[in-house]
1. With 10 angstrom as the radius, rank Ile140, Ile205, Ile20 by how many other C-beta atoms surround their C-beta, starting from the fewest.
2. For each pair in Lys17/Lys116; Lys116/Lys206; Lys175/Lys206, compute the distance between the two Cα atoms and list the pairs where it is over 32 Å.
3. Would you calculate, for the chain, the mean residue ellipticity at 222 nm contributed by helices, counting each DSSP H stretch of 4 or more residues as -39,500 (n - 2.57) and dividing by all residues, to the nearest 500?
4. Please compute the Kirkwood hydrodynamic radius of region 5-241 from all pairs of different C-alpha atoms, in Å with one decimal.
5. Under Stokes-Einstein, with the Kirkwood radius over Cα pairs standing in for Rh, what whole-number D in µm²/s applies to region 42-166 at 20 °C and 1.002 mPa s?
6. Helix by helix, which DSSP H runs in the chain go 20 Å or more along their axis at the Cα atoms and have an average Kyte-Doolittle hydropathy of -1.0 or more?
7. Place the peptides 147-160, 88-101 in order of packing, highest mean first, counting for every residue the other Cβ atoms within 10 Å and averaging per peptide.
8. Using +1 on the beta carbon of Lys and Arg, -1 on that of Asp and Glu, and nothing else charged, what's the dipole of region 8-154 about the Cα centre, debye to 20?
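What follows is calculated from the coordinates using simple rules that are stated; it is not laboratory data. Source: prediction; values computed, not measured. Cβ atoms come from the backbone with ideal geometry, glycine included; neighbour counts cover every protein chain shown.
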Amino acid sequence: MSKKVALVTGSSKGLGKVIIQKLAESVIKVILNYRSNYDKAEAVLRDIQEHGGEAIALQADITDQNDVERLIDASRETFEQPIDILVNNATDPQPELSLEEVTWEEYLDQLQFTVKAPLLLLKEVIQPMKENQWERIINIGSEVVEIGNSDFSNDVTAKSAMIGMTRSWANELGKYDITVNAVHPGFTPVERHGEGTETSAHSYIKGVPLNRLGKPEDIAYMVRFLASDEANFITGQNMNINGGNTFG
Ligand SMILES: NC(=O)c1ccc[n+]([C@@H]2O[C@H](COP(=O)([O-])OP(=O)(O)OC[C@H]3O[C@@H](n4cnc5c(N)ncnc54)[C@H](OP(=O)(O)O)[C@@H]3O)[C@@H](O)[C@H]2O)c1
């Protein structure tokens, strides 16, 4: 995979940060994207470069068409080759809202990340991807689509749309040897969850067959596998990385 270029949206922190670090370890050239947190993005970029990785950091709001065009143009200029691996990971906060509280705008807020941004990005990369005949699209979903959590219909609905989209893209792009898969993390503590999450997540862990919370690395290893040559016959699939909390 050493000649490949990967874009991971929202990779300045959280799961995206570890995903991009693991891809960079596999000698993939990586594009780190963030929206507002320059300091965190710079820190991740430095870390990758200090470990010998080839990386750039590009600010862009991936829900905005002009920003997406600028992001893809800038990455093409830097690496002088198109993007081979697109990881749709970025997210805004996902508030828990009852059906009385939630509004159509709250649904749209989530759909901006699960449908609009992946589509805007796909439109910019699809032509060279079709020409290259070895490419990967990996959508980061969530186990909530299996659980159907109450007071969370905004996120559950938006992530569910991602599943149908993944399947349809896989069907349409398969003839170009482009694979499209979805990775569904379980509850995986990252910076935003704060300290002591393992203790407060006690009741969640009780229902998990492996009896513990996942780590960002668990998600990143699956993404890296799906991006590899070894995964060349896997497309249109949903990978649940949640210690067995769901199966479907
Ligand atoms: N962590 C979990 O427990 C869990 C569970 C299930 C699914 N997931 C999924 O995993 C993915 C990552 O979640 P996370 O917990 O790692 O999130 P996170 O820690 O909140 O990180 C979000 C990332 O997205 C970026 N971002 C936000 N809005 C953006 C925009 N408009 N344009 C570009 N980048 C933007 C942020 O950059 P800035 O900081 O610069 O704004 C940040 O890098 C999401 O798709 C989420 O639904 C996570």
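1. Ordered from fewest to most neighbouring Cβ atoms within 10 Å, Ile140, Ile205, Ile20 come out as Ile205, Ile140, Ile20.
2. Lys116/Lys206; Lys175/Lys206
3. Calculated at 222 nm, the ellipticity per residue is -13500 deg cm²/dmol.
4. Kirkwood radius, region 5-241: 18.1 Å.
5. Result for D is 132 µm²/s.
6. Helices meeting the criterion: 65-79, 117-132, 153-173.
7. 147-160, 88-101
8. The calculation lands at about 560 debye.
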